[in-house]
Amino acid sequence: MGRDVLFETTIEALRADPAFGQRIAGPDRAFLLLDPGAERVLHASPAAASLRETIADAEGRIDPA
């Protein structure tokens, strides 16, 4: 399974979760999917793209500063 398919599958599973789905439903909802150590952005919703660009480099590594 490719990286994009894995993330889309994960996001769709989160959207289907009754306790979590409403928080990320809709194109205006900003959310980031981080790795377990919170050191890398794995996925950013379109509404969170500018946040991702601000806190992480092109590979998704989060700037600790």
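The values are calculated or read from the model by the stated rules, or taken from the named source; none is laboratory data. Note that the structure is predicted; figures quoted are calculated from it, not measured. Every residue, glycine among them, receives a Cβ derived from its backbone with ideal geometry; neighbour counts consider all protein chains shown. The protein model used for the area step is the full one, side chains on, heavy atoms only, and it has no ligands, DNA or RNA in it. Shrake-Rupley method; radii C 1.70, N 1.55, O 1.52, S 1.80 Å.
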Among (i) 35, 28, 18; (ii) 51, 22, 21; (iii) 43, 22, 19, which is the computed Cα extents along the principal axes in Å? (i)
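What accessible area per residue, rounded to a whole number of Å², is obtained for the chain using a probe radius of 1.4 Å?
That works out to 71 Å² for each residue.
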For the chain, build the charge dipole from Cβ charges (+1 Lys, Arg; -1 Asp, Glu) around the Cα centre, then report which of ALA13, LEU34, ILE55 sits farthest towards its positive end. ALA13
Quick one: which residues, 5 or more positions from ALA56 or on another chain, have an amide H under 5 Å from its amide H? H modelled 1.01 Å from N in the peptide plane, none for Pro or chain starts. ASP63
Tell me, in nm to one decimal, what length is gained between ALA19 and ALA58 on full extension, where the rule is 0.36 nm per residue of separation less the Cα-Cα distance? 10.9 nm
Using a 7 Å offset from the Cα along the Cα-to-Cβ direction at both ASP35 and ALA47, what is the distance between the two label points in nm, to one decimal? 2.7
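Grab the DSSP H runs of the chain that are 4 residues or longer, score each as -39,500 (n - 2.57), total them, divide by all residues and round the 222 nm result to the nearest 500 deg cm²/dmol.
-10500 deg cm²/dmol
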Under the Karplus relation with 6.51, -1.76 and 1.60 and θ = phi - 60°, whole-Hz ³J(HN,Hα) for region 32-37, x at Gly and Pro, equal 10, 10, 9, 6, x, x
Sorted by chain and then number, the residues having a modelled amide H within less than 5 Å of the amide H of HIS43, at least 5 places away or on another chain, are LEU33
Residue with peak Gaussian network fluctuation, the chain [Cα springs, cutoff 10 Å], from ALA19, ALA30, ALA38: ALA19
Dipole size in debye (nearest 20) for the chain around its Cα centre, Lys and Arg Cβ +1, Asp and Glu Cβ -1? 180
Relative to the chain, whose Cα atoms define the longest principal axis, helix 3-16 and its Cα axis are tilted in degrees, nearest 10, by 50
